[in-house]
1. Please tell me if Val94 is surrounded by 20 or more Cβ atoms within 10 Å (Cβ to Cβ) and within 16 Å of ligand 1 (Cβ to nearest atom).
2. Among the residues of segment 142-165, count how many are within 6 Å of ligand 3 (Cβ to nearest atom) and either aromatic (Phe, Trp, Tyr) or assigned to a loop (DSSP other than H, G, I, E, B) (or both).
3. Would you point out which residue out of Ala97, Ala49, Ala33, Ala67 is more than 16 Å from ligand 3 (Cβ to nearest atom), at pLDDT below 90 and not assigned by TED's automatic domain parsing to the domain that holds Arg124?
4. Tell me which of these Gln7 doesn't satisfy, since it passes every other one: (1) surrounded by 14 or more Cβ atoms within 10 Å (Cβ to Cβ); (2) in a helix (DSSP H, G or I).
5. Given the residues Glu105, Glu161, Glu79, Glu174, which is the only one that is acidic (Asp, Glu) and either over 17 Å from the mean Cα position of the chain (by Cα) or modelled with pLDDT of 90 or more (or both)?
6. Go through Asp120, Asp114 for me and flag whichever is closer than 30 Å to Ser46 by Cβ, within 16 Å of ligand 3 (Cβ to nearest atom), without any contact (Cβ under 8 Å) to a residue 40 or more places away in the chain and assigned to a loop (DSSP other than H, G, I, E, B).
7. Among Gly130, Gly147, which is exposed (fewer than 15 other Cβ atoms within 10 Å of the Cβ) and touching a His at 6+ places or on another chain (Cβ under 9 Å)?
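The values are calculated or read from the model by the stated rules, or taken from the named source; none is laboratory data. Fair warning: this is a prediction, and the values are worked out from it, not measured in the lab. We place every Cβ from the backbone using ideal geometry, glycine too, and count neighbours over all the protein chains shown.
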Amino acid sequence: MNDTQRQRFDRIFDFLDTDGSGAIGREDFEALAQHILAATGTAPNSPKARALHDAYRKGWEALSDAADLDGDGRVTRQEFLSRIADPDEGEHSVRRAIDVVGQAEFQAIDADDDGTISHDELQRVLVVRGASGQQAATAFHGLDTDGDGYISLNEYRRAWESFYRADAQDTHGESLQAIFA
Ligand SMILES: [Ca+2]
Ligand SMILES: [Ca+2]
Ligand SMILES: [Ca+2]
């Protein structure tokens, strides 16, 4: 992996290790689900909230299947980095786990369930996470690659793929950095 990829993978790890304990556990995924529910104002017992919790639980299972190499129920930074750069794109890959979480996150941010993320929907979440209105606007325009004023699930996923590749021209991936700021 190159230096940019290493930095990004470290950042993804730090994002997932919500309590900064140095290892990702089931409780971190529960905390992530709680954070996104709070940031989007989703009612805790709604079907949408339950679906989100399910998705994060599946994400954790996929991550631990892929990267908990010593089977102790935690994924350390070393375990994470050794597996995320693996080209295996199968069912039990770190990327698959993050894709599951990313899709759940997309659905949570899509507050009105119209299948797209509007500028207001993204801004609400990013501002709760500490971004300025300007940073949120920049992130939105970077993610809305076809410029139709909405972020589709495909646009969101392409940004992730670009973030992973970390090549020279990945302005889309850069936009995701606002989410991990
Ligand atoms: Ca482990
Ligand atoms: Ca929407
Ligand atoms: Ca769009």
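1. So Val94 passes the test.
2. Residues that pass the stated criteria total 4.
3. None of the other options fit; the residue is Ala97.
4. The one condition Gln7 does not meet is (1).
5. Step by step, each of Glu105, Glu161, Glu79, Glu174 is checked, and only Glu79 is acidic (Asp, Glu) and either over 17 Å from the mean Cα position of the chain (by Cα) or modelled with pLDDT of 90 or more (or both).
6. Asp114
7. Gly147
One line per residue, one yes/no per condition, for (1) of a type outside the set (D, E, K, R); (2) modelled with pLDDT under 90; (3) within 16 Å of ligand 1 (Cβ to nearest atom):
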site: Asp114; (1), (2), (3): no, no, no
site: Val128; (1), (2), (3): yes, yes, no
site: Asp148; (1), (2), (3): no, no, no
site: Ile151; (1), (2), (3): yes, no, no
